[in-house]
Amino acid sequence: MKEQSSLRYAWYVLGILLLAYISSFIDRQILALLVKPIKASFGISDTQMGLLMGLSFALFYTLLGIPIGLMADRMNRKKIIGWGIAIWSLMTVLCGLAGSFWALFFARVGVGIGEAALSPAAYSVISDYFPKRKLATAMSIYNLGVYLGSGLSILIGAAISSMIGKENIQIPFFGEIFSWQVIFFYIGLPGILIVLLLQTIKEPKRKELDSDIESTAKATVAEIISYFKANKTTFLSLSFGISFMSLASYAGIYWVPTYLNRVHGWEAQKAGVVFGLIITVFATLGVLSGGRYADYLSKKGVVNAKMKAGFIGMAIAVFCTIGLVMSDPNIGLIFISLFCFFAAFPYGSATAAIQEVAPNNMRAIFSAFFLFVVNIIGLGLGPLSVGLLNDIVFHDPLKIQYSIFITQFTGCLVSAALLFVGLKPFVRSVDYLKKHLTAAPKGRFS
């Protein structure tokens, strides 16, 4: 009965963290539907647009992730998350006041700084609330935020865009802004309500997975480096494997609405609604299915279940990228929907995999390293790669589908290969963790 009550509260905590993650992705992904008005307002190229979408955000999001991960292994994780939400919400509002490309660039940097605080701490909190047998499912639900937030950002952007005019707007004390910038006020300010909601949850005790042993020790930098070296193939293949999955996904999330608009002549609102629904439905089902499948394999005794689920998803996603080069947009969207499903398949299980091979006092830092690699390659280079290919290789805005296809096909292929390479090392890392915990001196856990 006590476990049931404990799990009910764990699901409540997970719900609030999911809400925060959805909010973060709405704030970061909203630019996907604003390509045309931003380019028109600031007179920028596809490459510069790619910088705004990815690298501006990813720059400090990735660099600050590791020190914040170290903090989350030592300090109150709830407070870290709360400050992060407040910062990214404020910086999103400032995007609505930016009067130039560089002002918007640095406001996006600020959004990345705030959002760097969320996931390393959230992964650690979730691992302390859920038993190992439910961890992949719990992580999958948390990572629904990636796809719900991405889909909702496009849907919300489409809805708000249809309600605002084309004339510039006067803001008291700040002066004139472009009409499309109002969207940033609508999506940024509600973040403050999530900060208040976060105050209703408790900071959990730090425990090893499936153990009542409380972890009170703080890992030294030397211990973290030593543990990484002993398991480097696992951490590197998992982190870089998911980073190339992320590169393929972000290339589509940010540029498919533009492809539908440029190549097939769809109105921005129609492209946003259709693609937003595809991401919301198919990617959400994909990440949930991936987590449930990984938990199913775990129950059957498959030690590398979480890594294996990711590999299967990416191996299938490679073939789904063909939808982008089809002449019929309706048939193409069927394959794009399948791509969204299978590309999302690895994400929930992969984040759970990190927790399964790292001791409690190193979980947040290894999660931060994972996110560092995933976001610097995926978010930093995914949207940018499409812009560069379009500007430098094809020199034609109407060739955008080939730029997206090349980026996605390459990303999925490399991701599947790396996850396959990590299957056997992951088994060794699970065994290594058991030996590490057994060998820990008395007093390291209490």
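Every read-out reported here was derived from the displayed coordinates using simple, explicitly stated rules and does not represent laboratory data. Every value quoted in this text rests on a predicted model; they were computed, and no experiment measured them. No Cβ is skipped: glycine too gets one built from the backbone with ideal geometry, and neighbour counts run over all protein chains shown.
Observations on the structure shown:
- Pairwise centroid distance, computed over Cα atoms, of segment 285-330 with segment 67-117, Å: 31
- Between residue 220 and residue 202, the modelled labels are 3.4 nm apart [label points 7 Å from Cα along Cα→Cβ].
- Entries of 232/399; 218/306; 39/79; 306/399; 36/78 with Cα pairs more than 30 Å apart: 232/399; 39/79; 306/399; 36/78
- At R0 = 22 Å, FRET efficiency that the Cβ-Cβ distance of residue 392 and residue 40 yields, to 0.05: 0.50
- Between 221, 421, 182, the residue with the greatest mean-square fluctuation in the GNM of the chain (Cα pairs under 10 Å linked by springs) is 221.
- Distance between modelled label sites at residue 169 and residue 232, nm, 7 Å Cα→Cβ extension: 5.2
- With neighbour counts taken as other beta-carbon atoms within 10 Å, the residues 428, 77 rank, fewest first, as 428, 77.
- Fluctuation leader among 271, 98, 309 - the chain, Gaussian network, Cα springs under 10 angstrom: 98
- Anisotropy class of segment 10-64 from Cα gyration tensor, a/c 1.5 cut: oblate
- Here's the list of lysines a cross-link from residue 299 could span, going by alpha-carbon distance under 21 Å and ignoring same-chain residues fewer than 8 apart: 132, 134, 308, 424, 434.
- Ascending count of other beta-carbon atoms within 10 Å, so fewest first, for 133, 206: 133, 206
- Top of 27, 431, 391 by mean-square fluctuation, Gaussian network on the chain, Cα under 10 Å: 431
- Footprinting exposure proxy for 395, 264 (fewest neighbouring C-beta atoms within 10 Å first): 395, 264
- Annotation for residue 159 and residue 399: the two label points, set 7 Å from Cα along the Cα-Cβ direction, are 3.9 nm apart.
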